[in-house]
Amino acid sequence: MKINAMKEKYFIKTYGCQMNVYDSHRMAMMLEDMGYEKTDKQADADFVLFNTCHIREKAAEKLFSDLGRALLIKNERSERGLDTVIGVAGCVVQAEDEQIFKRAPYVDFALGPLTYHRLPEILKKIKQKKQSGILDTDFPCESKFDFLPENKATGGCSFLAVQEGCNNFCTYCVVPYTRGVEYSRPVKDVIDEAKNLIATGTLEINLLGQNVNSYHGEDEKGVERNLAYLLNKMAELDGLKRLRYTTSYPADVDDDLIKCHHDIDILMPYLHLPVQSGSNKILKLMNRRHSAETYLEKIAKLREANPNLRFSSDFIVGFPFETDEDFEKTLDLVDKVKYIQAFSFKYSRRPGTPAAEMDGQVPEKIKKERLDILQAKLFDLQEKFNKSCIGQSFDVLFEQKGRHKGQLIGRTPYMQNVHVHAADDMMGKILKVKISDATTNSLQGEVI
Ligand code: 5AD
Ligand code: SF4
């Protein structure tokens, strides 16, 4: 029997988007290859890693309060004679650079989102006490994907990054500065990673990218291929039952992609298509390349391709110069699309982005009022959709254990959480479930 007691433990806290969840997973795989073992208890961890998000001010500030707590835990462990390495990865590192060490000098290293393949080498240096306070915020020429160990599934659903970075420069957004310009992975790399994920138990793959539908990776002949091509290739893979892609930029939704929603059976009937605002004046100030009308045209075409398709979106309220009239236009658009889920945020001024310097900043109180109104409407739509599912049956992919004994939580094709009584060995499998009850946030059902 292998004795695990001496294995060093790692703890990763992930903030922000699905891309960060994916990056954390890839870093975890690297650590496991190095002989580390995962722990969910920070106080037990020899290595603590914070994978950070810089998209809104709150997300970035959360890191520094968590780092303060990490120092207390590090001191406590040190009294017990235990060393703790503290690392920070992700977009805050790219944006804050040396500021991280100024505000938290006990951090051992900080790595940007494009250089985390260097994690093993950096950890080794720190553990041999050769160096500390290492900062790596390169935008390297090499692609980190070429240096990462093979990806493995840890459940029935997996993320797979196919594209990273963004050239859109929405005026509120830090992503083009933290994740760099667009890069698309070659088709073969993506397909090989998908095959590995399927071979290790994945039934569902969600292709990720900051602007996933601008994917333009090369095939083996060096020909640039679009996302529609990639989705069709993915659909040919044996054993894959569900396919998704996120996040899409509305102006880059082309006819090829729309056709996929008609042609590909395993492509789930749920699409996250962030509109941000329903006012053309605000969309222009945001530097979005769509208007409310062109966005609605795309939605109509997608619905035509697959009438079962439902949508989710991101919204920003209180962007500079947003009037009550502009905000009303957002509410009108919500009524037209009838989103079944959505994320909505108060505009957050991000240093270095054009919108942060704009006149016409909206007072916090008004932002809050608008957010409350918008969220009430969005939650209402979400609840209506969930209630409309009562009595219907869906394929549910079970992803996690519920709070109660014998309860599992899975997802419908529409990404709704469903609580079901089912045996533990159903985890990672797809079963038909009849929905018996629904609230705003989840469904209840029975396996049939
Ligand atoms: N303030 C508020 N929300 C923002 N988002 C991006 N930048 C900001 C910002 N400065 C939101 C957008 C985006 C989502 C990931 O985060 O809605 O789609
Ligand atoms: Fe940010 Fe706009 Fe790029 Fe999305 S499309 S990552 S919001 S700049």
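For the peptides 19-28, 353-362, the ranking by mean Cβ contacts within 10 Å, running from highest to lowest, is 19-28, 353-362. Multiplying the residue separation of N441 and K401 by 0.36 nm and removing their Cα-Cα distance gives an extension gain of 12.7 nm. Across the chain, the relative contact order, built from alpha-carbon pairs under 8 Å that are at least six residues apart, equals 10 percent. Placing unit charges on the Cβ atoms only, positive for Lys and Arg and negative for Asp and Glu, gives the chain a dipole magnitude near 1060 debye about its Cα centre.
With the simple model of a label 7 Å out from the Cα in the direction of the Cβ, A199 to Q375 spans 4.5 nm. Dimensions of the stretch 393-447 based on its C-alpha atoms, expressed as ranges along the principal axes with the largest first, amount to 26, 20, 16 Å. Gyration tensor over the Cα atoms of the chain: the corresponding equivalent ellipsoid has semi-axes (square roots of 5 times the eigenvalues, largest first) of 34, 28, 23 Å. Ignoring ligands, DNA and RNA, what percent of the 1.4 Å accessible area of the chain is carbon and sulfur? Carbon-and-sulfur percentage of accessible area, whole number: 51.
The stretch between K124 and D40 holds 28.0 nm of extra length on full extension. This uses 0.36 nm per residue minus the Cα-Cα distance. Absence of a disulfide-compatible partner, taken as no other cysteine beta carbon within less than 4.7 angstrom, is noted in the chain for C17, C53, C91, C141, C157, C166, C260, C389. A 1.4 Å probe run over the stretch 393-447, with the rest of the protein chains in place, finds 52 Å² accessible per residue. Looking at the stretch 144-388, the accessible area is 43 square angstrom per residue; that uses a 1.4 Å probe and ignores ligands, DNA and RNA. Peptides 209-220, 338-349 ranked from most to least packed, by the mean per-residue count of other Cβ atoms within 10 Å: 209-220, 338-349.
Phi angles of the stretch 234-244 translate, via the Karplus equation with coefficients 6.51, -1.76, 1.60 and θ = phi - 60°, into HN-Hα couplings of 4, 5, 7, 6, 5, x, 7, 9, 9, 9, 9 Hz per residue; Gly and Pro are given as x.
For the stretch 1-115, a crude dipole built from +1 on the beta carbon of Lys and Arg and -1 on the beta carbon of Asp and Glu, taken about the Cα centre, is about 260 debye to the nearest 20.
May I ask for the Kirkwood hydrodynamic radius of the stretch 164-277, worked out over all distinct Cα pairs and given in angstroms to one decimal? In the stretch 164-277 this quantity evaluates to 14.8 Å.
What is the percent of Cα-Cα separations in the stretch 147-218 that go past 17 Å? Tail of the P(r) past 17 Å holds 48 percent of the pairs.
The values are calculated or read from the model by the stated rules, or taken from the named source; none is laboratory data. Worth saying up front: this structure is predicted, and the values here are computed from it rather than measured. No Cβ is skipped: glycine too gets one built from the backbone with ideal geometry, and neighbour counts run over all protein chains shown. To get the accessible areas, we keep the full protein, side chains included, count just its heavy atoms, and leave off ligands, DNA and RNA. Shrake-Rupley method; radii C 1.70, N 1.55, O 1.52, S 1.80 Å.
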